[in-house]
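All remarks here apply to the structure that follows.
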Amino acid sequence: MNTVKKYYLQVYHHSLSTGPEGEWVDISSLEIHPEIAERLAELGIVEIRENHIQSCQATRVRKLMRLRCSLGVNVHAAAIIMDLLERIEKLQDEIERLNG
């Protein structure tokens, strides 16, 4: 009898900024395909308002696209990698804080 293994992929939903609204950037300035921008919004990585995103989110998109190109992974994988890198950075900051 064959058993089927089930694998689950958990995609993290990044919380969007709820503080005072900062500077907004036109999506076309990021030089990404509009469908990719829509996909990033669906995944909760960015918030799009009238073809604009917040500048801090634009920085995240640029990082994500660099990961995608340099590692040859899809958008989902790049988002997960970026999330893990951000978590590592927070943990390193916490270690430094505790040791200092």
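Remarks
- Filtered by the rule that a residue be hydrophobic (A, V, I, L, M, F, W, C), farther than 29 Å from residue 39 by Cα and not in a helix (DSSP H, G or I), the stretch 69-100 gives no residues.
- Only listed residue being surrounded by 13 or more Cβ atoms within 10 Å (Cβ to Cβ) and part of a loop (DSSP other than H, G, I, E, B), chosen from 46, 61: 46
- Being farther than 20 Å from residue 24 by Cβ and in contact with a helix residue (DSSP H, G or I) (Cβ under 9 Å, 6 or more places away or on another chain) holds for only one residue in 60, 87, 66, 97, and it is 66.
- If only residues of the stretch 64-82 that are at pLDDT 90 or above and of a type outside the set (A, V, I, L, M) are counted, the one that is surrounded by the most Cβ atoms within 10 Å (Cβ to Cβ) is 68.
- Contacts under 8 angstrom Cβ, first residue in the stretch 30-54 being farther than 18 Å from residue 81 by Cβ, partner among the basic types (Lys, Arg), 6 or more apart: 30/62
- Of the residues 98, 67, the single one that is within 13 Å of the chain's Cα centre (by Cα) and not acidic (Asp, Glu) is 67.
The values are calculated or read from the model by the stated rules, or taken from the named source; none is laboratory data. What you see is a predicted model, and the numbers here were worked out from it, not measured in a lab. Reconstructed Cβ throughout: ideal geometry from the backbone, glycine too, with neighbour counts over all protein chains shown.
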